[in-house]
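**Student:** I'd like to ask you about the structure that follows.
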Amino acid sequence: MAIHTADFKTPEKTTQLRQLLMSPELEFIMEAHNGISARIVEETGFKGIWASGLAISAQFGVRDSNEASWTQVVDMLEFMSDITHIPILLDGDTGYGNFNNMRRLVKKLEQRKIAGVCIEDKQFPKNNSFIDGERQPLADINEFCGKIKAGKDSQQDPDFCIIARIEAFIAGWGLTEALRRGEAYHLAGADGILIHSKLSRPNEILEFAKEWAGRSPLIIVPTTYYSTPTEVFHHAGISMVIWANQMIRASVAAMEKISREIQTCHSIANIEDNIAPIKHIFALQGADELAQAQERYLGSGQSETRAIVLAASRGNALHELTHDKPKIMLTIGGKTLLRRLTDEFKKQSINKITVVAGYKADAIDTSGIELCLNRDYASTGELNSLLCAKEHFHDNMIITYGDLLFRGYILRDLLDIPGEIVAVVDSALENSHKSGSPDYAYCSKPDDRSMFSQDIDLRHISEHEALDIGNPSGQWIGMIRIRGNGLVWLNSALTELHKRKDFSQLTIPDLLNYLVQQGNPVKVHYIHGHWLDVNSIEDIDRAGDFTK
Ligand code: SPV
Ligand code: MG
């Protein structure tokens, strides 16, 4: 069945602007001067944006006297247009030159999906209307009409709007001159007239509106006569009001205040709650869309690997060394265990690292990691810690004990090999560690080191060195990889085990054994030495090997 998406399409930005101009309501558009201010204007509900010459110049830190080049303005418009869906009407000053410059301007604006341009009948280079307005010479009427015609003739989209702005009142001329110009510009093809005034009362624009009598849409900029109730404009037959500079003025006021406060206090503690949270900035930049695109285009196999580090226990056998900090904060060769672990992760582009802490969690250096708390660490075991990190689970992740030291290739190889759940097993049992209690791994086959790649299943993990299923093939080092369906199996195993009365005492080996019992394949990646788990003071001495 054919789907006629065109029926539901949002109108082009040009069409939206034209509809606003033709609407029987009084419409309002709001100034913006860069991408983020444009986005805010859209998000707050405005139906259109005024790309103000004053505000764009100001955000560049230059004067509203054509000091910023027209291409610099158009470059900024591109950012504003890309991040918004509502129409942008450019304050195009005098069109940045003669009829020919106007033609090129219109072409470049259409290419950037700008909905229309307003040009004013002054001479290039112009100055802001509120600075010595009466000293500013007006454009020759015929020349200005030619510019309007040239612009209209060059536009490709019939809805693109060209608004003619009359500066007669600003320059000290009267109503007659304003109307003469309005009529000429209307006949030249202008889609609307902007009548500007710098008085604090709306008298001039109301007189003009009365005489204009709806010949074409009328636009005003009540910057100086701001106290006039907007109903007055509606009754006068005005089509559109431009709030022309409030965004730049609001941001300048906020920036000055905050900069002063921080400069005086030498601290940001007082102001943090009064400024936009960083996350809000990310949202305005569209960070969510990028995250979704990453999922879509990088694919789950290629997507970022995450790491969950279990580090809630104190490490009692280390006595005084862990009096005021957890084991992962022990320094070995000038670096903490945690730092060594995160460095290894980062070398493999694993940047999202969640550490489940418990004992002395406050002493953990949280740079580069996210912390999760197992508040019941004293009375619970590893599976409870793992559950605390559930919201950080991902279908591509490493789960590891926090007290592991290992050569980098072990992690690199683990990331490369296939399998939904893979446990790293050291087949060098003869090197089995003196301290702690090894987790003996019983596997489908022993390690055949002459084979480049082996397909091995885990059968069981136990603290006992001999079981009726045979002899251990190695020692599980405390690291597993989860991928794809492995996450589904892991989640359902955790849900089931959580129902057990002894859940609080269960360990990762218990989880692996449960997964195997349920028929979920847990693969084995054999290594041969080159790792250490730090359980005792003697281990710290041995750890020297890993600091080189
Ligand atoms: C602008 O916003 O740049 C304008 C309006 O042109 S005004 O500053 O009032 O001239
Ligand atoms: Mg301007």
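**Student:** Take the alpha-carbon centre of segment 18-48, take the same for segment 332-381, and report the distance between them in whole Å.
**Tutor:** Spelled out, the Cα-based centre of one part sits 48 Å from the other.
**Student:** What does the extension gain come out to for residue 275 and residue 67, with contour length at 0.36 nm per residue minus their alpha carbon separation?
**Tutor:** Using 0.36 nm per residue and subtracting the Cα-Cα distance, I get 71.7 nm.
**Student:** Taking a probe of 1.4 Å, how large is the accessible area per residue of the chain, in Å²?
**Tutor:** Per-residue accessible area for the chain comes out at 49 Å².
**Student:** Relative contact order of the chain, please, whole-number percent, based on alpha carbon pairs below 8 angstrom and at least 6 residues apart.
**Tutor:** Computed over the chain, the figure is 11 percent.
**Student:** Follow-up. Keeping all protein chains in the complex and leaving out DNA, RNA and ligands, what accessible area do you get for residue 514 with a 1.4 Å probe, in Å² to the nearest 10?
**Tutor:** 40
**Student:** Distances over 25 Å make up what percent of all Cα-Cα pairs in segment 24-149?
**Tutor:** Percentage above 25 Å: 24.
**Student:** Here is a further query. What order do you get for 450-457, 175-182 when each peptide is scored by the mean count of other beta carbon atoms within 10 Å, highest first?
**Tutor:** Most protected by this proxy first, the peptides run 175-182, 450-457.
**Student:** Next question, about the same structure. Going down the list 279/346; 108/152; 13/279, which pairs span over 20 Å between their C-alpha atoms?
**Tutor:** Long pairs (Cα-Cα over 20 Å): 279/346; 13/279.
**Student:** Right, another one. Under the rule of at least 5 residues apart or a separate chain, name every residue whose amide H is placed under 5 Å from the amide H of residue 459.
**Tutor:** The list, which skips near neighbours in sequence, is 442, 443, 444.
**Student:** Here is a follow-up. For the pair residue 252 and residue 12, what calculated FRET efficiency results from E = 1/(1 + (r/R0)^6), where r is the Cβ-Cβ distance and R0 = 45 Å, to the nearest 0.05?
**Tutor:** 0.85
**Student:** So how do 79, 233, 130, 124 rank on accessible area, 1.4 Å probe, biggest first, that is with the largest at the start?
**Tutor:** Ranked from most to least accessible, the order is 79, 124, 130, 233.
**Student:** Magnitude of the Cβ-charge dipole of segment 412-479, K/R +1 and D/E -1, about the Cα centre, nearest 20 debye?
**Tutor:** That gives segment 412-479 a dipole magnitude of about 120 debye.
**Student:** Now a separate question. For segment 11-245, what's the relative contact order in percent, using C-alpha pairs closer than 8 Å and at least 6 residues apart?
**Tutor:** 22
**Student:** Computing the accessible area with a 1.4 Å probe over protein heavy atoms, can you report the carbon and sulfur percentage for the chain?
**Tutor:** Accessible surface attributable to carbon and sulfur in the chain totals 51 percent.
**Student:** Rounded, prolate or oblate for segment 275-427? Axes are the square roots of the Cα gyration tensor eigenvalues, ordered a ≥ b ≥ c, and the cut-off for rounded is a/c under 1.5.
**Tutor:** oblate
**Student:** Moving on. Under Stokes-Einstein, with the Kirkwood radius over Cα pairs standing in for Rh, what whole-number D in µm²/s applies to segment 60-213 at 37 °C and 0.692 mPa s?
**Tutor:** The diffusion coefficient I find is 207 µm²/s.
**Student:** Under 17 Å Cα to Cα from residue 360, which lysines show up? Leave out anything in the same chain fewer than 8 places away.
**Tutor:** 325, 327
**Student:** Okay, next question. Counting pairs of alpha carbon atoms under 8 Å apart in space and at least six apart in sequence, what relative contact order in percent does segment 54-115 give?
**Tutor:** Value for segment 54-115: 31 percent.
**Student:** Next question. Rounded to a whole number of µm²/s, how large is the Stokes-Einstein D of the chain at 4 °C and 1.567 mPa s, given Rh as the Kirkwood radius over C-alpha pairs?
**Tutor:** Answer from the Stokes-Einstein relation: 45 µm²/s.
**Student:** As an exercise, use a Förster radius of 41 Å and the Cβ-Cβ distance of residue 227 and residue 291 to find the FRET efficiency, rounded to the nearest 0.05.
**Tutor:** After rounding, the FRET efficiency stands at 0.35.
**Student:** Continuing with the same structure: Residue farthest toward the positive end of the dipole of the chain, with Cβ of Lys/Arg at +1 and Asp/Glu at -1: which of 334, 396, 158?
**Tutor:** It is 158.
**Student:** Using a 10 Å cut-off on Cβ atoms, rank the peptides 110-118, 491-499 from the highest mean neighbour count down.
**Tutor:** Per-residue mean Cβ counts within 10 Å order the peptides as 110-118, 491-499.
**Student:** Under 12 Å Cα to Cα from residue 149, which aspartates and glutamates show up? Leave out anything in the same chain fewer than 8 places away.
**Tutor:** 191
**Student:** Another question about this same structure. Rounded to the nearest 5, what is the percent of antiparallel bridges among the DSSP beta bridges in the chain?
**Tutor:** Given both bridge residues lie in the chain, the antiparallel proportion sits at roughly 35 percent.
**Student:** At 222 nm, what helix-only mean residue ellipticity would the chain give, in deg cm²/dmol to the nearest 500, using -39500 (n - 2.57) for each DSSP H run of four or more?
**Tutor:** -11000 deg cm²/dmol
The values are calculated or read from the model by the stated rules, or taken from the named source; none is laboratory data. Small disclaimer: the values here were computed from a predicted structure and weren't measured. As a convention, Cβ positions derive from the backbone with ideal geometry for all residues, glycine included, and neighbour counts pool all protein chains shown. What goes into the accessible areas is simple: the full protein's heavy atoms, side chains included, and nothing from ligands, DNA or RNA. Shrake-Rupley method; radii C 1.70, N 1.55, O 1.52, S 1.80 Å.
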